[in-house]
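The values are calculated or read from the model by the stated rules, or taken from the named source; none is laboratory data. Because the structure is predicted, anything quoted here is derived from the model rather than measured. All Cβ positions, even for glycine, are placed from backbone atoms using ideal geometry, and neighbour counts span all protein chains on display. With ligands, DNA and RNA removed, areas are computed over all heavy atoms of the protein, side chains included. Shrake-Rupley method; radii C 1.70, N 1.55, O 1.52, S 1.80 Å.
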Amino acid sequence: MAEFFNEMYEAGQIRAPYARLGDWTEAMPAELRSLKQAEAEALFRRIGITFAVYGEGGDPDRLIPFDMFPRVFTHAEWRRLERGIVQRAKALNAFLVDVYNRGEIVRAGRIPAHLVYRNEAFETAVVGFTPPRGVFSHIVGVDLVRTGPDDFFVLEDNCRTPSGVSYMLENREIMMRLFPALFRENRIEPVDGYSEALRRTLASVAPAKCDGEPTIVILTPGPLNSAYYEHSFLADLMGVELVEGQDLFVEGEHVWMRTTRGPQRVDVIYRRIDDAFIDPLCSRPDSMLGVPGLMDVYRSGGVTIASAPGAGVADDKAVYTFVPEMIRFYLGEEPILQNVPTWQCAKRDDLKYVLEHLAELVVKEVHGSGGYGMLVGPKSTAEQVEAFRERIIANPANYIAQPTLALSACPTFVDEGIAPRHVDLRPYCLVGDRVELVPGGLTRVALTEGSLVVNSSQGGGVKDTWVLAE
Amino acid sequence: MILTVHHSTRYVYDQPVRGVVQSHRLTPSLFDGQRLIDWRVLVSDGTAGGAFRDGAGDWVASHSAHGPLSEITVTVEGQVETVDLTGVLRGHRERVPPEAYLRETLPTRPDVALIELGREALADAGRADALERAHLLSVAVGQAIAYRPGATHAHTTAAEALGLGEGVCQDHAHALCAVARAQDMPARYVSGYLHATEDGTPHEAAHAWAEIWVPGLGWVGFDASNGCCPDDRYIRLGSGHDARAAAPIRGIARGQGRESLDVTVAVEAAQQ
């Protein structure tokens with residue numbers, strides 16, 4: 001794992017997009033740097049952007065470490081990523097419309113039926129229903145890693161409620177406040193159009209029963225949720241109400257919001273709660289998070305739910321393997337972005353290979369997320385590898401494995417100065433009347449030297465992500 | 001046979017509630033074994049919401065009522081002409097792939113005993129086809145769980161009912177779904193009505209049974225409680241992965257009031 005691509009350097013030379021940042025760091029004495037770092041932290045505290053971490057206990061209001069050294073993409077690099085992500089988002093939505101209708105891709109034998117129909121996330125209640133504009137996943141978060149100047153791989157797709165976009169926006173805001181000169185010297189494409197693009201996307205998928213300007217709300221599980229800050233942040237930026245289940249009710253053919261001026265009809269719900277909690281009439285009768293009767297209103301065309309119930313069947317880690325096949329099947333195109341080769345432990349031959357090469361591989365739970373329950377073979381002790389081996393053998397179908405990729409690194413401020421740290425990238429693709437993404441995304445950085453796990457729950461930090469204008 | 005149904009469900013709240021939301025699966029399925037002559041669903045209060053035919057072919061209608069409410073009554077009245085198709089759900093339009101009914105749910109999760117029950121039932125089945133296997137499973141469930149009202153409750157799981165060895169039609173249908181799925185045969189829970197028989201066989205007028213997917217035939221009903229396949233004495237309303245999903249009425253009241261329920265069902269043959 002000694003060899004990895006450093007995004008700032010190539011053959012000992014500073015790569016063009018980072019040229020001005022070389023001068024910037026040279027001109028910044030250590031005292032100024034720690035001053036700026038303290039200022040950044042104070043700003044984040046003041047804004048109130050924190051991240052509670054599931055299952056770790058401790059301080060729920062912990063700040064995610066912010067690294068001031070930006071990550072930079074050239075215009076050309078970004079355009080290719082953009083085309084690849086748009087292609088993927090289109091294919092994922094085409095897949096969802098298909099599997100909830102005729103299931104052509106299954107009939108054609110291009111994806112095994114059991115992966116789709118026996119999937120926990122396959123929602124029988126929406127079979128035969130196509131949401132407005134044929135969109136199930138309105139915000140697709142695609143997790144990417146880079147291994148070389150032109151080599152990008154998709155690690156996973158997030159079709160339900162990808163979080164983190166507030167960091168993309170806040171990181172930029174803070175950087176502009178801390179270093180206004182940088183933004184004069186570099187021509188950086190703006191990301192602040194995101195909230196308006198999101199609002200327009202949601203408005204464009206209003207249900208047929210909505211006449212006039214649609215009323216949009218964000219439905220949150222409440223302040224105890226780790227992404228609550230983001231929910232309220234996006235509601236503020238879009239100028240829409242942030243509601244909890246108890247603020248909404250079903251009456252007649254519509255969903256209504258309680259307001260001080262009486263009930264107001266709601267047309268589009270950007271929900272940040274899981275399918276299982278949307279409507280206690282359908283799934284968990286004990287859940288207080290959702291709205292009783294919501295699914296019937298949805299199915300009879302009275303309200304749009306984004307992402308649509310059932311969207312999760314497209315982003316499961318076992319289905320992920322078939323996304324390149326979806327792109328070929330629905331779009332008749334070759335994938336622009338590659339998948340990471342994946343072994344399915346449910347398959348006997350794959351399992352054999354995985355168990356023989358465990359120390360070299362990354363192993364993940366099929367339904368896991370947030371970096372929990374995974375093994376990074378080369379970074380683990382022999383005991384950890386053996387303990388994980390037993391878990392795989394006990395339930396092979398629960399695991400997939402991938403080669404340990406030599407993730408690219410970006411210069412990062414560390415105690416000793418500046419050093420390369422591994423990074424990934426999550427851009428956010430919006431799907432409504434058009435498919436678009438703002439030029440940027442959330443770069444996560446593994447702050448521990450040599451670490452490949454960038455999850456904020458595992459000690460990762462974040463960086464501002466620049467796309468240079470042409 | 002022409003069957004006349006009168007079905008009334010009255011919810012009474014000890015303190016007035018602020019509102020009620022319901023989802024109804026109270027309209028007979030459209031297939032070759034049933035023809036609607038007349039059918040009405042009336043609710044004592046509130047307004048009808050959206051209605052639609054879902055992917056499983058069921059007619060779903062929602063209803064909501066404003067409080068304060070001390071009670072609400074749902075009344076179903078109608079007449080259906082039925083034909084005996086020996087359990088085969090012929091001519092039923094639906095879009096959910098059978099494979100989706102291999103998934104377990106909480107009340108239908110098979111424990112070791114349920115898996116073993118299915119395995120034993122098919123131990124001597126040899127090369128029996130799917131239809132024969134389904135019959136064997138239905139018989140085994142009927143024998144393993146004796147019909148006894150009051151032994152179980154609405155939230156009893158298939159595994160618990162088998163453990164008790166007693167139950168009602170809901171438990172039989174759950175258990176049959178569980179053993180069939182464990183044998184890789186898609187199965188689902190069906191709710192409906194059953195016309196009273198005169199030979200003294202115990203029955204419930206509001207009834208439930210299971211359907212098992214038989215390649216070549218499609219969905220076939222099996223009533224483990226009565227050891228038969230649904231015929232012209234049965235009226236089919238809707239289906240789901242388990243009793244909750246297939247419930248004729250699902251409802252939630254907003255408020256503190258405790259709910260009590262009063263159900264009367266009469267299914268009569270108008271002519272024989």
Worksheet item: Which one is farthest from residue A:124 (Cα to Cα), of the residues in segment B:70-87 that are among the hydrophobic types (A, V, I, L, M, F, W, C) and open to solvent by 10 Å² or more (accessible area, probe 1.4 Å)?
Response: B:83
Practice prompt. Restrict the check to segment A:102-111 and report whether at least one residue is under 22 Å from the mean Cα position of the chain (by Cα) and in the same structural domain as residue A:414 (by TED's automatic domain parsing).
Written response: no
Practice prompt. Please tell me if residue B:214 is within 18 Å of residue B:78 (Cα to Cα), more than 11 Å from the chain's Cα centre (by Cα) and in contact (Cβ under 8 Å) with a residue 60 or more places away in the chain.
Written response: no
Discussion item. Pairs please, first residue from segment A:93-115 and within 12 Å of chain B (Cβ to nearest Cβ) and open to solvent by 10 Å² or more (accessible area, probe 1.4 Å), second anywhere and in a helix (DSSP H, G or I) and modelled with pLDDT under 95, Cβ atoms under 8 Å, 6+ apart in sequence or on different chains.
Written reply: A:115/A:318; A:115/A:319
Fill in: Residue that is surrounded by the most Cβ atoms within 10 Å (Cβ to Cβ), among those in segment B:32-60 that are part of a loop (DSSP other than H, G, I, E, B) and within 13 Å of chain A (Cβ to nearest Cβ)
B:56
Worksheet item: Quick one: would you say residue B:63 is more than 14 Å from every other protein chain (Cβ to nearest Cβ), in a strand (DSSP E or B) and touching a residue at least 40 places away in the same chain (Cβ under 8 Å)?
Response: no
Worksheet item: Do we have residue B:86 as of a type in the set (S, T, N, Q) and either at the interface with chain A (Cβ under 8 Å from one of its Cβ atoms) or in a loop (DSSP other than H, G, I, E, B) (or both) here?
Response: yes
Item to complete: For residues that are crowded, with 19+ Cβ neighbours inside 10 Å and in a strand (DSSP E or B), tally how many sit in segment B:142-169.
Response: 2
Item to complete: Could you tell me whether any residue of segment A:381-397 is modelled with pLDDT under 95, in contact with a Lys or Arg (Cβ under 7 Å, 6 or more places away or on another chain) and open to solvent by 20 Å² or more (accessible area, probe 1.4 Å)?
Response: no
Worksheet item: Out of curiosity, is residue A:301 small (Gly, Ala, Ser) and open to solvent by less than 10 Å² (accessible area, probe 1.4 Å)?
Response: no
Practice prompt. Can you work out which of the residues in segment B:95-104 that are facing another protein chain (nearest Cβ under 8 Å) and of a type in the set (D, E, K, R) is least open to solvent (accessible area, probe 1.4 Å)?
Written response: B:103
Discussion item. Taking the conditions exactly as written (open to solvent by less than 50 Å² (accessible area, probe 1.4 Å), touching a residue at least 40 places away in the same chain (Cβ under 8 Å) and facing another protein chain (nearest Cβ under 10 Å)), does residue B:92 satisfy them or not?
Written reply: no
Worksheet item: Any chance segment A:107-129 includes a residue that's part of a helix (DSSP H, G or I) and among the acidic types (Asp, Glu)?
Response: no
Discussion item. Return the residues of segment A:233-249 that are in contact (Cβ under 8 Å) with a residue 40 or more places away in the chain, of a type in the set (A, V, I, L, M, F, W, C) and away from chain B (no Cβ under 13 Å); say none if nothing qualifies.
Written reply: A:233, A:234, A:237, A:238, A:240
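Each row is one residue, and each column tells you yes or no for (1) open to solvent by 80 Å² or more (accessible area, probe 1.4 Å); (2) more than 18 Å from residue A:458 (Cβ to Cβ); (3) in contact (Cβ under 8 Å) with a residue 60 or more places away in the chain; (4) more than 25 Å from the chain's Cα centre (by Cα).
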| position | (1), (2), (3), (4) |
| --- | --- |
| A:332 | no, yes, no, yes |
| A:348 | yes, yes, no, yes |
| A:363 | no, no, no, no |
| A:373 | no, no, no, no |
| A:379 | yes, no, yes, no |
Worksheet item: Which residues, counting only those in segment B:109-126, are away from every other protein chain (no Cβ under 14 Å) and within 22 Å of residue B:241 (Cα to Cα)?
Response: B:110, B:111, B:112, B:113, B:114, B:115, B:116, B:117, B:118, B:119
Response to the item:
Residue hits (segment A:280-290; facing chain B (nearest Cβ under 9 Å) and in contact (Cβ under 8 Å) with a residue 40 or more places away in the chain) are A:282
Worksheet item: Restricted to segment A:446-462, and to residues that are among the hydrophobic types (A, V, I, L, M, F, W, C) and in a loop (DSSP other than H, G, I, E, B), which residue is least open to solvent (accessible area, probe 1.4 Å)?
Response: A:454
Item to complete: May I ask you to verify whether residue B:29 is assigned to a strand (DSSP E or B) and at pLDDT 95 or above?
Response: no
Item to complete: Have a look at A:259, A:321, A:342 and point out the one that is out of contact with any Cys (no Cβ under 7 Å at 6 or more places or on another chain) and more than 28 Å from residue A:452 (Cβ to Cβ).
Response: A:259
Response to the item:
Screening A:409, A:397 for residues that are under 21 Å from the mean Cα position of the chain (by Cα) and of a type in the set (A, V, I, L, M, F, W, C) leaves only A:409
